[in-house]
1. Report the one residue of Tyr246, Asn192, Gln257 whose Cα lies farthest in the direction of the positive end of the charge dipole of the chain (charges on C-beta: Lys and Arg +1, Asp and Glu -1; origin at the Cα centre).
2. From the mean inverse distance of alpha carbon pairs (Kirkwood) and the Cα radius of gyration, derive Rg over Rh for region 63-126.
3. Debye sum, Cα scatterers, region 46-99, no solvent: what log₁₀ I/I(0) at q = 0.22, 0.25, 0.29 1/Å?
4. Could you sort Ile4, Ile60 by their accessible area in this structure, using a 1.4 Å probe and putting the largest first?
5. Region 89-147: percent of C-alpha pairs farther apart than 19 Å?
6. Charges only on Cβ, +1 for Lys and Arg, -1 for Asp and Glu: so what's the dipole of the chain about the Cα centre, in debye to the nearest 20?
7. What does the convex hull of the Cα atoms come to per residue for region 175-289, in Å³?
8. Quick one: what do you get for region 153-208 if you divide its Cα Rg by 2.2 N^0.38 Å?
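The values are calculated or read from the model by the stated rules, or taken from the named source; none is laboratory data. Everything numeric in this text was worked out from a predicted model, so none of it was measured. Note that we place each Cβ from the backbone using ideal geometry, even for glycine, and neighbour counts take in every protein chain shown. Note: areas computed on protein heavy atoms with side chains; ligands, DNA, RNA excluded. Shrake-Rupley method; radii C 1.70, N 1.55, O 1.52, S 1.80 Å.
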Amino acid sequence: MEVILAEHAGFCFGVRRAVDTVYEQIEKKKEDGRSIYTFGPIIHNEEVVRDLQERGVKVISSLADAEAISEAERGTVIIRSHGVERRVCESLKDLGFEVVDATCPFVKRIHTTVEKESEAGKSIVIVGNAGHPEVEGIRGWSCRSVYIIESVEEAEEFACKEGEKLCIVSQTTFNYKKFQDVVEILNKKGYNGSVVNTVCNATEVRQAEARELAARVDVMIVIGGNHSSNTRKLYEICRQECRMTYYIQTLGDLHLQLPETVRLVGITAGASTPNNIIEEVQNYVRINF
Ligand code: SF4
């Protein structure tokens, strides 16, 4: 039996980089003994967060948490791939922390655009989900008004001041088609604005690849957390193409009894599934079937 692992299974580039940064800092800490914190959980995966905790990494969720840490304990804070507002970085430095910025470069590009365009006099429109940490972070790089538009309906109702110049960006994980629809509505309203397409295609690439793989194989295994919406979506896509699609969190959930006719097994994984879990499943299927 042949096992094919999807090339883009698991972490995207930005999340992998952020997680690797934490492990690098753990190694460094062995030399200088400084405390390590992440600003928010580095990734939505309980096993990874637990492993980091066991290695002494603590999670802080706010500036108030950071202030509550004694001066002697104020070591290194790692900013996760979503990024944060400018004032958060500045305040952490003022408090005496070393800030290691693992903001995904694609998100950082939005911060730079927002900073530059708002300084040039434009108000910022973020097409994305209000309250999402990435959107809150982006908002915090503007020195002018920021509008957040979540849907086509909100775009229809949107109004800004007469003569106000706009710069439109999007949350990286926003659906590209919806972003285009929102931009089209704003254009029709005659707003004076520039548009920067900042949608990241990591999710789309993972989904397209999963669909293509599921259509080729006899059995498809999708690995990811129970509450991970992007893994559920991957499962649904694969299930449409391959009747024998299994959704598992870890190897422990895999109780496969495959008919002898099965020749090809495909594996993919959601965005927060670590490599070691993917490898375990892959090796198990290779050895046991
Ligand atoms: Fe991953 Fe793309 Fe988000 Fe970066 S912008 S963290 S690559 S999904």
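1. It is Asn192.
2. Looking at region 63-126, the ratio lands at 1.06.
3. Listed by q, the Debye log ratios stand at -0.90, -1.09, -1.27.
4. From most accessible down to least: Ile4, Ile60.
5. Value for region 89-147 (Cα pairs over 19 Å): 34 percent.
6. 400
7. Enclosed volume per residue, from the Cα hull, is 111 Å³.
8. The value comes to 1.26.
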